[in-house]
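Structure first, commentary second.
The values are calculated or read from the model by the stated rules, or taken from the named source; none is laboratory data. Please read these numbers as outputs of a predicted model, since none were measured by experiment. Virtual Cβ from ideal backbone geometry, glycine too; neighbours counted across all protein chains shown.
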């Protein structure tokens, strides 16, 4: 079963085409036969809620659920899972790997730092409506993305200035790891400070997919076509997070396609790329 992650623009374009009854029938047939298994993430819902008008946002949210998609964990949750499992291997702790693509309730529960349960099986339209109505209260949830974007931009500036030394890289990586290393094992045993520090001191970030891909992109000499501004980077973090865990990503984004070879070179990329046009043509061959 191939997993197809659609970026926000591809999702919007697909939703608009699905208003046509004939196309909707074709789409439903592909979903039913599993020749198409759509994957989305909570970030799609957050982006959907950033609309100036609620009705079209709710329409898109309802379209998302109508596809019965699978859900990729939010980027910070993906990173926590990657680091935790890398730590468990280091510390010889038994664990069962957590799939990065799961149910809607699982990824929403993770956002709340709670175990999965039926109460987190929240319809996407309800999630979007709540977010739309409370955007000012929920803005702090986006702060880590802004901080991460600022860090990557600063690394790029340091590289241009010839100041991106191995020491700077190591210090930046250790600071990021410090906030993601687990404090307890899957069995609930508390992990001591010394063991966490020992892990951080030896951790090879190139073996952690999200770190490896983001570091590679941050050191890439981006041209003036996007990439350097904070909002562009925030949007791309979620595409980057999908690269190791789905089979294909549908995106016509110029910057993302520009850095794809850089990400691919890390050895962690599983996904191929399709443009919106290629994806739609595959659904409805001419």
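Structure above, values below:
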read-out: Complete set of residues in the stretch 27-67 that are in contact with a strand residue (DSSP E or B) (Cβ under 8 Å, 6 or more places away or on another chain), part of a loop (DSSP other than H, G, I, E, B) and within 24 Å of residue 112 (Cα to Cα); value: 41
read-out: Contacts under 7 angstrom Cβ, first residue in the stretch 266-286 being over 30 Å from residue 205 (Cα atoms), partner part of a loop (DSSP other than H, G, I, E, B), 6 or more apart; value: 275/252; 276/252
read-out: Selection count where residues are outside any helix (DSSP H, G or I) and surrounded by 15 or more Cβ atoms within 10 Å (Cβ to Cβ), scope the stretch 78-94; value: 1
read-out: Of all residues making up the stretch 28-40, the number that are farther than 15 Å from residue 247 by Cα and either without any contact (Cβ under 8 Å) to a residue 24 or more places away in the chain or surrounded by 21 or more Cβ atoms within 10 Å (Cβ to Cβ) (or both); value: 4
read-out: Every residue from the stretch 25-34 that is in contact with a helix residue (DSSP H, G or I) (Cβ under 8 Å, 6 or more places away or on another chain) and under 24 Å from residue 103 (Cβ atoms); value: 27, 30
read-out: Matching option when the condition is modelled with pLDDT of 95 or more and in contact with a helix residue (DSSP H, G or I) (Cβ under 9 Å, 6 or more places away or on another chain), among 212, 216, 198; value: 198
read-out: Options 138, 152; residue that is out of contact with any strand residue (DSSP E or B) (no Cβ under 7 Å at 6 or more places or on another chain), modelled with pLDDT under 65, surrounded by 13 or more Cβ atoms within 10 Å (Cβ to Cβ) and more than 20 Å from residue 214 (Cα to Cα); value: 138
read-out: Identity of the residue in the stretch 222-272, under 14 Å from residue 41 (Cβ atoms) and out of contact with any helix residue (DSSP H, G or I) (no Cβ under 8 Å at 6 or more places or on another chain), that ends up modelled with the lowest pLDDT; value: 242
